Amino acid sequence: MIVESIRPGLAVASSLAAAGLILASGRRPNLREAWTLIAALVKLGLIVSLLPGVCSGIVYQTDLFEIMPGVRLFFRADPLGMVFGLVASLLWLVTSVYSIGYMREIKARSQTRYFFCFALCLSSTIGVAFAGNLLTFLICYEVLTIATYPLVIHNETREAVAAGRKYLVYTLTGGGVLLLCVAWTYRMCGTLDFVPGGFLAGQAPPQSLMVLFALFMAACGVKAALMPLHAWLPTAMVAPTPVSALLHAVAVVKAGVFGILRIFGFVFGPSLLKSLGVIPPLAALAAFTIITASIIALYQNNLKRRLAYSTISQLSYIILGAAILTPTAFTGSIMHLANHAFMKITLFFCAGAIYCRTHIESIDEMGGIGRQMPVTMGAFAVASMGLTGVPFLCGFVSKWHLGLGAVEAGEVALVFVLVISGLLNASYFFPIVYAAFFIQPSKSFRKKEHRTALLAPIVATAILSVLFGAIPFLIERQHLLASLSVSRIWGQP
Amino acid sequence: MSASRILIAIFLIPFLAAFLCPLAGLWRRRFVHPITVLGLSGSAVCAFCGLLKVVRTGPVHYTFGGWAPPLGIEWTLDGLSAGMAVLISSMALIVVAGSRVSARAEVGESVTAFYTSCLLLVSGLLGLVLSADLFNVFVFLEVASLSAYALVASGGRRARVASLRYLILGTMGATFYLLGVAYVYAATGTLNMADAAARLDPVMRTPTAVLGLTFIIVGLALKMGLFPLHGWLPDAYTHASDAASALMAPIMTKTAIYALVRILFWVFGTGTVTETFPVMNMLAWAGAIAVVAGSVMAFTQTDLKRMFAYSSIGQVGLIVLGIGLANKTAMAGAFLHVLNHALMKGCLFLIAASAGYAHGIRTLDDLSLLGKRMPWTMGAFWVAALSMIGVPPTCGFFSKWYILLGALRAGQPFFAFLIVASSLLTAAYFFRALEHTYRQRPERRNGGEGPVGLVAATTGLSLTIVSLGVLSLHVLRIIERAALPPGLQ
């Protein structure tokens, strides 16, 4: 049932309004940060207020206006969008607190620009989540690309500018391909509205649809860091850590993965994809990415780069889950989209906290750091165990569904991929944890733990990763949202 | 005011102001600028009224001295010419009103001559779009061009060489055009557009008519700076004074494009140029080559205004490509891009004027000052650059979108691919400029934003760029209703 409501639109607009206010109050840092926090709270409140309705099967829609002949600009909060929207807005609140602490701690320059772009990014991320058709999606997706650029080059060093250039080359090319795809789809169908189960079936000969699918995957695959389109992500790690945390573990890359899920479920539809036969190559590519990125991560000595490769690997879990094309695996994909966000943001927060205090970035020098920063490294241990797939942490739940879906589809090889990658995860995360707690520090770390603004977000996201793996009620809710969107796509009651 | 009086007032107000300017300048030089602004705003208001009237009730005709059309000279205001008139007079108004301070600093003593040339340029362009007579078009093309040569020369010593080059090539273009018109006259015995259209059909396959068509296309291609006939454009726009290049860049090339569309589709007829002779296909290819060439050349520039000039060459190519695709979607996209590109280029050249006035910024290397010292101008630069690249929701995205759709509709996926590729090339050179704004510079200099007028103009234009993007459907509806050539599929 579709209900007209202004709330999805307001959720998008709230941080847009905040962006303006942030710019206007650039000379008064406390007021400026207050706008960020207020907007984050308002946005989260709006989205949470939609939750009961969406869980009972209602889809909320904000219809704005016609922007092209036959294509309207509109936002629609359906279960799939809600998962992404909830995660993004919840983590924005946490990251805002963390950002304020971090940016003030390192006395970063141009903080107004930083918070302005951050708010713009969040607006477009929620726009991506709630987009009701491909055009709205494209607009938000491109705004996200552009708004992230000043954040990537925030340090304004030669290295940062070079990284920004690489980021733009990849993402703008992806955006161009997406534009081509959307125009082609519009030419074929005359409509761009997302329909559960897809709307492309029978609109064109299979060969054209295969090319279109490949182009779509290339377009979204850039942000989803699907190999071989991933190279921008590790390079973009020169950005300040909160940017890496929110945008490169949650917003930007997840927008790409989310786009792939949308295109799977709401543009092509599972039955068309099965009959086109385009899925096996994609699944193989995703499996390859999972394993290869994990292996590369083993050899990274810079903590943030190791996390980046871990992200590349984990994102392909989500793509792989979608590519298995069974309801269970798709459910697992959607859940992993959320769960990976909780865990990965914790890890990035920890990396940032370590850097802030000690200016250490390479893993070699982190021996014994857990004795000085027990809370930070404790959270790090929890999140890394979660990513490995230890039971009672949220990573286990989604991986369980992914594995179950693979078995249902009869793809035992993919189960092996999951197991091997889990082992690899363990082997690149656990040495860090081990060294942090059990090795004598090579040099003395004089400073102790952080002030609350930096520590509280770390603890909060770590607790979230535990809660979504251990509290049946939360797991059930998350599963409900995911399975609701799956049943819409597969057309089951 | 009756419709035909509005039509004539659009042209007459700035034209009379052009004669008033020197007189006022002899007495008090400070009256010159207000008179110019008044003349242009009168013209802009009339043009808006005319557009509204035309969209509601259809084309308006005016015959000079009451002589009936084939004998007398006829002017016509239809959707397309009214739209162009609005664009020309309001862009000129914004530029002239905004750049008062920087123009005074640049042209100094010769401010009277400068504004008189501006008014003559604008009234020439307005006369061109209003006229429904082939020879009249030539006359006004020359009025506008001669004032443009003078305006370019106002930029100082190096500008004089650029102006001479512009004069030679521009005159060649005008000569080609006049030659073409002569052939058309020889074939049909008339200069009135509607009359010629009716008589051309039976004689279209004769060499005389074909030669006429060819010469007219070449002449106008020279005037619009279509690659490889763009030689005059970069130097002229770079070395002209900032206010002059901001005035010329958005509207001069567009008016030549207008003349081409008008003559190809209204005089020779849609059937002739799409079916009898494959002119449109050739134009599409020429446009496609110009898009790539212009963008690549823009990428190699180090001078800010020169980069903008080469970018204009690329964008003219995109518009010509859209026209050459010869279907309703692409044509509407091309018309939309004429409007959008005028807004963007006007904004960019005004930014260059502002940056040049406040900090002497001329090259990309200097741009770091723009980033550090001029927050408003910087914001406008971002918006205009994103629109040039075609990032939604700015207006540049939407015109590219319709040209792209038109390419797909015409069954030309290669052109579709090329349009996307040209966006990426545009991104390459604009982000190259934007990168410079983030570069660290140790030196500290004083000074902040540019003059208030320029800041207001650039900010206003950047807001228009975004809102015309979001509201582009309304502009498209007007174009589809009143401005598309008859008989187009």
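Yes or no, residue by residue, for (1) in a helix (DSSP H, G or I); (2) within 14 Å of another protein chain (Cβ to nearest Cβ):
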site: A:46; (1), (2): yes, no
site: A:52; (1), (2): yes, no
site: A:62; (1), (2): no, no
site: A:72; (1), (2): no, yes
site: A:81; (1), (2): yes, no
site: A:85; (1), (2): yes, no
site: A:89; (1), (2): yes, no
site: A:92; (1), (2): yes, no
site: A:103; (1), (2): yes, no
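Residue-by-condition table, conditions (1) within 23 Å of residue A:212 (Cβ to Cβ); (2) part of a helix (DSSP H, G or I); (3) open to solvent by 10 Å² or more (accessible area, probe 1.4 Å):
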residue: A:266; (1), (2), (3): yes, yes, no
residue: A:273; (1), (2), (3): yes, yes, no
residue: A:295; (1), (2), (3): no, yes, yes
residue: A:308; (1), (2), (3): no, yes, no
residue: A:311; (1), (2), (3): no, yes, no
residue: A:317; (1), (2), (3): no, yes, no
residue: A:338; (1), (2), (3): no, yes, no
residue: A:352; (1), (2), (3): no, yes, no
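Test residue B:405 against the criterion of being more than 10 Å from chain A (Cβ to nearest Cβ), in a helix (DSSP H, G or I) and closer than 26 Å to residue A:168 by Cα, and give yes or no. It is false that residue B:405 is more than 10 Å from chain A (Cβ to nearest Cβ), in a helix (DSSP H, G or I) and closer than 26 Å to residue A:168 by Cα.
Report yes if some residue within segment B:67-85 is under 25 Å from residue B:460 (Cβ atoms), out of contact with any strand residue (DSSP E or B) (no Cβ under 9 Å at 6 or more places or on another chain) and crowded, with 24+ Cβ neighbours inside 10 Å; otherwise report no. The answer is yes, given that some residue of segment B:67-85 is under 25 Å from residue B:460 (Cβ atoms), out of contact with any strand residue (DSSP E or B) (no Cβ under 9 Å at 6 or more places or on another chain) and crowded, with 24+ Cβ neighbours inside 10 Å. Of all residues in segment B:26-64, those that are among the hydroxyl-bearing types (Ser, Thr, Tyr) and open to solvent by 90 Å² or more (accessible area, probe 1.4 Å) total 1. Assess whether residue A:128 counts as being of a type in the set (Val, Ile, Thr), away from chain B (no Cβ under 12 Å) and in contact with a Ser or Thr (Cβ under 7 Å, 6 or more places away or on another chain). For residue A:128, the condition - of a type in the set (Val, Ile, Thr), away from chain B (no Cβ under 12 Å) and in contact with a Ser or Thr (Cβ under 7 Å, 6 or more places away or on another chain) - is not met. Cβ separations smaller than 8 Å between residues 6+ apart or across chains give the following pairs from segment A:394-420 residues that are more than 23 Å from residue A:466 (Cα to Cα) to residues that are buried (at least 24 other Cβ atoms within 10 Å of the Cβ) and of a type in the set (Phe, Trp, Tyr): A:405/A:330.
The helices (runs of 4 or more DSSP H) found entirely in segment B:40-135 that carry 1 or more residues being within 26 Å of residue B:177 (Cβ to Cβ), among the β-branched types (Val, Ile, Thr) and under 17 Å from the mean Cα position of the chain (by Cα) are B:79-98, B:111-130.
For the condition over 23 Å from the mean Cα position of the chain (by Cα) and facing chain B (nearest Cβ under 9 Å), what is the one hit in A:185, A:157, A:145? Checking each option against the conditions leaves just A:157.
On inspection, residue B:369 qualifies as more than 7 Å from every other protein chain (Cβ to nearest Cβ), aliphatic (A, V, I, L, M), assigned to a helix (DSSP H, G or I) and over 20 Å from the mean Cα position of the chain (by Cα). Put simply, of B:361, B:323, B:289 the only residue that is part of a loop (DSSP other than H, G, I, E, B) and either of a type in the set (A, V, I, L, M, F, W, C) or without any contact (Cβ under 8 Å) to a residue 60 or more places away in the chain (or both) is B:361. Here is the figure for segment A:226-264: residues that are assigned to a helix (DSSP H, G or I) and either within 30 Å of residue A:490 (Cβ to Cβ) or open to solvent by 10 Å² or more (accessible area, probe 1.4 Å) (or both) total 19. Each residue in segment A:264-299 was checked for being of a type outside the set (Phe, Trp, Tyr), closer than 30 Å to residue A:429 by Cβ and touching a residue at least 60 places away in the same chain (Cβ under 8 Å), and 13 pass. Can you spot a residue in segment A:355-377 that is under 21 Å from residue A:461 (Cα atoms) and within 18 Å of the chain's Cα centre (by Cα)? Looking for residues that are under 21 Å from residue A:461 (Cα atoms) and within 18 Å of the chain's Cα centre (by Cα), one finds none in segment A:355-377, hence no. For residue B:292, state whether it is surrounded by fewer than 24 Cβ atoms within 10 Å (Cβ to Cβ) and at pLDDT 90 or above. Yes; evaluated as a whole, the condition is true for this residue. Considering A:171, A:191, the condition of being modelled with pLDDT under 90 and either over 22 Å from residue B:434 (Cβ atoms) or more than 7 Å from chain B (Cβ to nearest Cβ) (or both) is satisfied by A:191 alone. Of the residues screened, residue B:187 is one that is closer than 29 Å to residue B:61 by Cβ, without any contact (Cβ under 8 Å) to a residue 40 or more places away in the chain and open to solvent by 10 Å² or more (accessible area, probe 1.4 Å). Only one entry in B:362, B:306 is open to solvent by 10 Å² or more (accessible area, probe 1.4 Å) and in contact with a strand residue (DSSP E or B) (Cβ under 7 Å, 6 or more places away or on another chain), namely B:362. Within segment B:207-230, the set of residues being outside any helix (DSSP H, G or I) and touching a helix residue (DSSP H, G or I) at 6+ places or on another chain (Cβ under 6 Å) comprises B:225, B:226, B:227, B:229, B:230.
Of all residues in segment B:462-480, those that are more than 10 Å from chain A (Cβ to nearest Cβ) have Cβ atoms under 8 Å from Cβ atoms of residues that are crowded, with 18+ Cβ neighbours inside 10 Å and not in a helix (DSSP H, G or I), 6 or more apart or on another chain, in B:465/B:394; B:466/B:393; B:466/B:394. Just to check your reading of the model, which residue among B:171, B:175 is part of a helix (DSSP H, G or I), in contact with a Ser or Thr (Cβ under 9 Å, 6 or more places away or on another chain) and either on the phi < 0 side of the Ramachandran plot or free of Cβ contacts under 8 Å to residues at least 24 places away in the same chain (or both)? Every option except B:171 fails the conditions. Looking at the structure I just gave you, is residue A:151 over 22 Å from residue B:416 (Cα atoms), open to solvent by less than 10 Å² (accessible area, probe 1.4 Å), more than 7 Å from every other protein chain (Cβ to nearest Cβ) and part of a helix (DSSP H, G or I)? So residue A:151 passes the test.
In segment B:430-437 there is no residue matching the filter, namely being away from chain A (no Cβ under 13 Å), surrounded by fewer than 22 Cβ atoms within 10 Å (Cβ to Cβ) and in contact (Cβ under 8 Å) with a residue 24 or more places away in the chain.
Would you call residue B:448 more than 8 Å from chain A (Cβ to nearest Cβ), more than 23 Å from residue A:138 (Cα to Cα), touching a helix residue (DSSP H, G or I) at 6+ places or on another chain (Cβ under 6 Å) and not in a helix (DSSP H, G or I)? Spelling it out, residue B:448 is indeed more than 8 Å from chain A (Cβ to nearest Cβ), more than 23 Å from residue A:138 (Cα to Cα), touching a helix residue (DSSP H, G or I) at 6+ places or on another chain (Cβ under 6 Å) and not in a helix (DSSP H, G or I).
Out of A:201, A:214, A:218, which single residue is at pLDDT 90 or above and either away from every other protein chain (no Cβ under 14 Å) or closer than 23 Å to residue A:73 by Cα (or both)?
Result: A:214 is the single residue among A:201, A:214, A:218 that is at pLDDT 90 or above and either away from every other protein chain (no Cβ under 14 Å) or closer than 23 Å to residue A:73 by Cα (or both).
The values are calculated or read from the model by the stated rules, or taken from the named source; none is laboratory data. Owing to the predicted nature of the structure, the values given are computational and were not obtained by experimental measurement. Don't worry about glycine lacking a Cβ; one is built from the backbone with ideal geometry, like all the others, and counts go over all protein chains shown. Remember, those area values only see protein heavy atoms, side chains included, never the ligands or the DNA or RNA. Shrake-Rupley method; radii C 1.70, N 1.55, O 1.52, S 1.80 Å.
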